[in-house]
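**Q** Let me begin by handing over the structure; questions about it come next.
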Amino acid sequence: MSTSTHSCGVCELRHITKCSIIWCTECDEGLCTECQEHHSLSKSSRNHNTLPITNYQKLPPDVLKISKYCEKHNEQFQIYCKNHESPCCSNCVVESHNECREFTKLSEAILNAKTSNAFVEIEHFLAEVSENITKIRENRQENMKKISEKRMQIEQEIEQTRIIINNHLDKLQEKLRKELCEIEEKENKEICQLISMLEEKENDIAECQTNILSIKQYASDLQAFVSMKKLESEVSLKDEFLQSLINKAILKQHSLVYHLDSALQDFLSNTHTFGQVVIEAKPINVVVTRTKGKHAQIMVPEIKTGSIEDISMKLLKTIHGTGDNIYGFCMLQDGKMAFTNNKNSIKILNNDGSLHCCVNTPDYAFDVEYINKIEAFAVSGGYHGKHNITFINMTDKQVKKTIPLESAAYGIAKKDAEFIIFGNQREIQMISVQNETVHRIVSDKMSSGCCYVATFEDNIYLTNGNSNTVTCYNQQGKTQWTFKNESVLKFPVGISVDNSGNAFIIGNQSNNVIAISPGGKQYRQLLSSIDGLSSPYTLHYDRSTNQLLVANFQNKAFIYTFM
């Protein structure tokens with residue numbers, strides 16, 4: 001091969017420098033315009049494969065260095081040694097491969113190399129590696145995003161903690177300040193009373209002194225004698241008053257002294273940090289696929305766990321045109337979505353977000369559940385008319401059944417052959433569809449009207465926007481746990497529970513979706529306003545498809561799939 005692919009190899013031998021325009025893969029050199037013409041007409045080279053030099057130069061540098069000639073013996077390679085997997089010239093066979101037994105013609109070994117299975121496997125493997133790298137890169141980017149979100153959440157928690165501490169200290173300070181002022185006022189009052197008495201006695205003594213002076217100057221001896229006895233009595237009384245003050249310890253010096261509470265002293269002395277931030281390392285939810293067995297594999301296991309820390313979601317689609325005032329919605333078995341917007345109808349959208357139809361309801365519809373078995377909707381509401389749970393057939397869109405209630409119903413959830421509702425009487429009720437009986441489970445008089453319910457196994461979940469709480473009850477109405485953290489969840493409304501017992505709750509005023517662990521002790525924010533949430537109100541977890549549907553109050557919903 002010539003030293004430069006830019007110069008014509010034939011012309012270089014004639015000590016002429018010309019740029020090559022083609023490359024001959026047989027001759028292994030570049031050719032200029034004149035030499036190309038001769039090359040294409042010569043009997044020995046007219047059938048050689050050539051390609052434009054610009055295309056040849058697109059090859060990687062390592063490939064350009066590969067020559068048809070042996071660097072050691074300057075002979076063309078003719079033989080391929082299978083033992084060493086390398087091309088050989090005749091001299092190489094004698095000198096370096098005399099113990100090898102598996103040879104083949106090089107022309108046979110390289111035949112159809114570009115279309116061989118080996119190239120296909122390499123291309124496939126590179127595509128897999130590229131895909132895996134992309135997965136890991138995207139996962140790391142997502143991890144970085146979550147770290148940033150978690151950092152902001154922790155900052156908010158720190159700030160909220162500081163506010164709580166400050167408010168508490170402000171209250172303690174104000175209380176102590178009032179006590180200080182009250183003590184000062186009391187002491188001043190007592191001292192003022194004593195001063196007033198002393199001033200009165202001073203005036204009496206001054207009057208006595210004036211009288212004595214007058215008596216000495218102007219009174220007769222009889223008058224002086226009689227008056228002296230009276231004055232002695234008055235002086236004795238004044239002395240007794242003074243002695244009584246001394247005996248009662250009234251004349252002790254009073255002073256205000258401040259003693260810092262020992263708990264605050266310990267806080268100042270022993271508290272050296274606001275908290276601790278650590279990194280928790282957990283397996284990532286990425287599956288690295290490898291199909292070529294000869295390559296080493298680093299498999300990252302797919303997480304199959306119910307822990308809220310392992311939840312990973314991906315936005316599947318955004319649905320527009322859901323309408324205004326979305327209070328409830330659910331997903332049908334065929335992927336359609338049903339929305340209630342506090343009107344006399346249910347709006348049904350196709351999987352792509354287009355309008356399928358509207359189903360009329362006898363009264364304002366608040367929440368909705370779909371019963372796959374009978375292909376019917378169970379609709380709660382009734383606060384502008386008759387108090388019923390209404391069952392509407394999906395096929396003919398006619399009312400199939402109504403179950404009368406004592407008050408309007410808000411949140412509704414299906415449990416086996418029964419329904420759990422939260423009624424306007426501020427209590428959770430279980431309704432039997434078969435015999436239409438209503439059983440009271442538990443009362444919550446402190447709750448707001450628009451409370452939502454969900455069920456999982458033997459538990460019933462209730463959101464309370466008034467108290468910013470989520471409460472889990474058993475079927476007997478006994479409280480299992482209550483979650484409240486106003487820095488994380490404000491005005492909780494829509495709620496749904498996944499197959500592991502994790503509860504997903506919407507915070508309407510906090511513009512987020514959080515997950516609460518089955519025991520109610522752990523929580524994690526999954527979605528926020530960054531993800532497009534704006535006054536969200538309701539959500540629905542589909543246990544058959546493992547998808548979460550989240551709806552804003554106005555005109556937009558999101559479908560997430562769990563990875």
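**Q** Can you tell me how many residues within the stretch 388-411 are crowded, with 20+ Cβ neighbours inside 10 Å and not hydrophobic (A, V, I, L, M, F, W, C)?
**A** Selection size over the stretch 388-411: 4.
**Q** Report yes if Ser107 is out of contact with any Lys or Arg (no Cβ under 9 Å at 6 or more places or on another chain), modelled with pLDDT of 90 or more and small (Gly, Ala, Ser), otherwise no. Let's see the steps before the verdict.
**A** Numbers: out of contact with any Lys or Arg (no Cβ under 9 Å at 6 or more places or on another chain): yes; modelled with pLDDT of 90 or more: no; small (Gly, Ala, Ser): yes.
Spelling it out, it is not the case that Ser107 is out of contact with any Lys or Arg (no Cβ under 9 Å at 6 or more places or on another chain), modelled with pLDDT of 90 or more and small (Gly, Ala, Ser).
**Q** Go through (1) assigned to a helix (DSSP H, G or I); (2) modelled with pLDDT under 85; (3) of a type in the set (A, V, I, L, M) for Leu251 and report which single condition fails.
**A** (1)
**Q** Further, regarding this structure: Please go through the stretch 533-559 and give me each residue that is crowded, with 18+ Cβ neighbours inside 10 Å and not in a strand (DSSP E or B), ordered by number.
**A** Within the stretch 533-559, Leu533, Phe553 qualify.
**Q** Return the only residue of Lys18, Lys114 being out of contact with any strand residue (DSSP E or B) (no Cβ under 6 Å at 6 or more places or on another chain), of a type in the set (Lys, Arg), surrounded by 10 or more Cβ atoms within 10 Å (Cβ to Cβ) and without any contact (Cβ under 8 Å) to a residue 60 or more places away in the chain.
**A** Details: Lys114 fails: surrounded by 10 or more Cβ atoms within 10 Å (Cβ to Cβ).
The unique qualifying residue is Lys18.
**Q** Let me ask something else. What residue, of Thr340, Thr322, is in the same structural domain as Arg524 (by TED's automatic domain parsing), among the polar types (S, T, N, Q) and within 20 Å of Ile420 (Cβ to Cβ)? Talk me through it step by step, then tell me what you get.
**A** On the way: Thr322 fails: within 20 Å of Ile420 (Cβ to Cβ).
So the residue among Thr340, Thr322 that is in the same structural domain as Arg524 (by TED's automatic domain parsing), among the polar types (S, T, N, Q) and within 20 Å of Ile420 (Cβ to Cβ) is Thr340.
**Q** Could I ask something else about it? Residues in the stretch 111-120: is at least one of a type in the set (Gly, Ala, Ser) and at pLDDT 85 or above?
**A** First pass over the stretch 111-120, keeping only residues of a type in the set (Gly, Ala, Ser): 113, 116, 118.
Among the residues that remain, those that are also at pLDDT 85 or above are: none.
Checking the stretch 111-120: not a single residue is of a type in the set (Gly, Ala, Ser) and at pLDDT 85 or above.
**Q** Given the options Ile460, Ile530, name the one that is buried (at least 19 other Cβ atoms within 10 Å of the Cβ) and among the aliphatic types (A, V, I, L, M). Spell out how you get there, then give the answer.
**A** Details: Ile530 fails: buried (at least 19 other Cβ atoms within 10 Å of the Cβ).
Exactly one residue qualifies, and that residue is Ile460.
**Q** Restricting to the stretch 463-499, and then to whatever is touching a residue at least 24 places away in the same chain (Cβ under 8 Å) and small (Gly, Ala, Ser), can you tell me which residue is surrounded by the most Cβ atoms within 10 Å (Cβ to Cβ)?
**A** Gly494
**Q** Next question, about the same structure. I'm checking my understanding of the structure. Among residues of the stretch 45-89 that are among the small types (Gly, Ala, Ser) and at pLDDT 90 or above, which one is nearest to Ser107 (Cα to Cα)?
**A** Our first condition is that a residue be among the small types (Gly, Ala, Ser); within the stretch 45-89, this holds for 45, 67, 86.
Remaining after also requiring at pLDDT 90 or above: 45, 86.
Values: Ser45: 17, Ser86: 13 Å.
The residue in question is Ser86.
**Q** Evaluate the following for Ala296: is it at pLDDT 75 or above and not assigned by TED's automatic domain parsing to the domain that holds Ala551? I'd like the intermediate steps shown before the answer.
**A** On the way: at pLDDT 75 or above: no; not assigned by TED's automatic domain parsing to the domain that holds Ala551: yes.
In short, no.
**Q** Quick one: is Gln153 assigned to a helix (DSSP H, G or I), in contact with a strand residue (DSSP E or B) (Cβ under 8 Å, 6 or more places away or on another chain) and surrounded by 13 or more Cβ atoms within 10 Å (Cβ to Cβ)? Please lay out each step first, then the result.
**A** Working: assigned to a helix (DSSP H, G or I): yes; in contact with a strand residue (DSSP E or B) (Cβ under 8 Å, 6 or more places away or on another chain): yes; surrounded by 13 or more Cβ atoms within 10 Å (Cβ to Cβ): yes.
Yes; evaluated as a whole, the condition is true for this residue.
**Q** Looking at the structure I just gave you, is Lys414 out of contact with any Phe, Trp or Tyr (no Cβ under 8 Å at 6 or more places or on another chain), part of a strand (DSSP E or B) and touching a residue at least 24 places away in the same chain (Cβ under 8 Å)?
**A** Working: out of contact with any Phe, Trp or Tyr (no Cβ under 8 Å at 6 or more places or on another chain): yes; part of a strand (DSSP E or B): yes; touching a residue at least 24 places away in the same chain (Cβ under 8 Å): yes.
Yes; evaluated as a whole, the condition is true for this residue.
**Q** When you look at Lys336, is it at pLDDT 85 or above and among the basic types (Lys, Arg), yes or no?
**A** On the way: at pLDDT 85 or above: yes; among the basic types (Lys, Arg): yes.
When the stated conditions are applied, Lys336 passes them.
**Q** Here are some conditions: (1) within 18 Å of the chain's Cα centre (by Cα); (2) among the aromatic types (Phe, Trp, Tyr); (3) under 21 Å from Met337 (Cβ atoms). Tyr452 meets all but one. Which one does it not meet?
**A** (1)
**Q** Can His73 be described as within 60 Å of the chain's Cα centre (by Cα), surrounded by 12 or more Cβ atoms within 10 Å (Cβ to Cβ) and not in a strand (DSSP E or B)?
**A** Against the criterion (within 60 Å of the chain's Cα centre (by Cα), surrounded by 12 or more Cβ atoms within 10 Å (Cβ to Cβ) and not in a strand (DSSP E or B)), His73 does not qualify.
**Q** Return the residue satisfying two criteria in turn: it lies in the stretch 37-66 and is basic (Lys, Arg) and out of contact with any helix residue (DSSP H, G or I) (no Cβ under 8 Å at 6 or more places or on another chain), and of such residues it is farthest from His6 (Cα to Cα). Can you show your working first?
**A** In the first step, residues of the stretch 37-66 are kept if they are basic (Lys, Arg); the result is 43, 46, 58, 65.
Subset that is out of contact with any helix residue (DSSP H, G or I) (no Cβ under 8 Å at 6 or more places or on another chain): 43, 58, 65.
On the way: Lys43: 25, Lys58: 13, Lys65: 14 Å.
Filtering the stretch 37-66 for residues that are basic (Lys, Arg) and out of contact with any helix residue (DSSP H, G or I) (no Cβ under 8 Å at 6 or more places or on another chain), the one farthest from His6 (Cα to Cα) comes out as Lys43.
**Q** Of all residues in the stretch 389-435 being charged (D, E, K, R) and modelled with pLDDT under 80, which is nearest to Val368 (Cα to Cα)?
**A** Our first condition is that a residue be charged (D, E, K, R); within the stretch 389-435, this holds for 396-397, 400-401, 406, 414-416, 418, 426-427.
From what is left, the residues that are modelled with pLDDT under 80 are 416, 426.
On the way: Asp416: 16, Arg426: 19 Å.
Among those that are charged (D, E, K, R) and modelled with pLDDT under 80, it is Asp416.
**Q** On to the next question. Do you know which of the residues in the stretch 61-70 that are aliphatic (A, V, I, L, M) and part of a helix (DSSP H, G or I) is nearest to Cys8 (Cα to Cα)? Spell out how you get there, then give the answer.
**A** Here is the first cut: in the stretch 61-70, the ones aliphatic (A, V, I, L, M) are 63-64, 66.
So of that shortlist, the ones also part of a helix (DSSP H, G or I) come out as 63-64.
Numbers: Val63: 19, Leu64: 16 Å.
Among those that are aliphatic (A, V, I, L, M) and part of a helix (DSSP H, G or I), it is Leu64.
The values are calculated or read from the model by the stated rules, or taken from the named source; none is laboratory data. Since the structure is predicted, the reported quantities are computational estimates derived from the model, not experimental observations. For neighbour counting, all protein chains shown are included, and Cβ atoms are generated from backbone atoms with ideal geometry for every residue, glycine included.
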